[in-house]
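The values are calculated or read from the model by the stated rules, or taken from the named source; none is laboratory data. Predicted, not measured: the structure shown is a model, and the values here were computed from it. Here Cβ is always computed from backbone atoms with ideal geometry, including for glycine, and neighbour counts include all displayed protein chains. With ligands, DNA and RNA removed, areas are computed over all heavy atoms of the protein, side chains included. Shrake-Rupley method; radii C 1.70, N 1.55, O 1.52, S 1.80 Å.
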Amino acid sequence: MKTFAQVLLFVLTVLELSLGLLAGTVALLSLITETIARAVAWLDERFARRFRLARVSPKLRKELADVLYGITTTPAGGTR
């Protein structure tokens, strides 16, 4: 019984470490993605100012965000 408990404890410890590593990797990728998104937004603003271009209106930006949100949250079977 003691051996079984030690093996179970070892398996749980390895599982905990693996899940922690996975969570850390996901968090790091999220941070990298956020940094890239902010850099692109900064370059977009700079480009628009330099060539005196009209920026995307807040209304259009919100509509696009709503469409993209709908795409990512729609169940696999679609709406019914």
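Applying 1/(1 + (r/R0)^6) with r as the Cβ-Cβ distance of M1 and L22 and R0 = 30 angstrom yields a FRET efficiency of 0.40.
Counting only protein heavy atoms and using a 1.4 Å probe, what share of the accessible area of the chain belongs to carbon plus sulfur, as a whole percent? Of all accessible area on the chain, carbon and sulfur atoms account for 71 percent.
Spin-label pair E34-D66: with each label point 7 Å from Cα along the Cα-Cβ axis, the two points sit 2.7 nm from one another. Calculated on the alpha-carbon coordinates, the convex hull of the chain measures out at 134 cubic angstrom per residue. From its DSSP helices (H runs of at least four residues, each -39,500 (n - 2.57)), the chain gives a residue-normalised ellipticity at 222 nm of -29500 deg cm²/dmol.
Ligands, DNA and RNA are left out, and with a 1.4 angstrom probe the accessible area of the chain is 97 Å² per residue. Phi angles of the range 46-54 translate, via the Karplus equation with coefficients 6.51, -1.76, 1.60 and θ = phi - 60°, into HN-Hα couplings of 5, 4, 5, 5, 5, 9, 6, 9, 6 Hz per residue; Gly and Pro are given as x.
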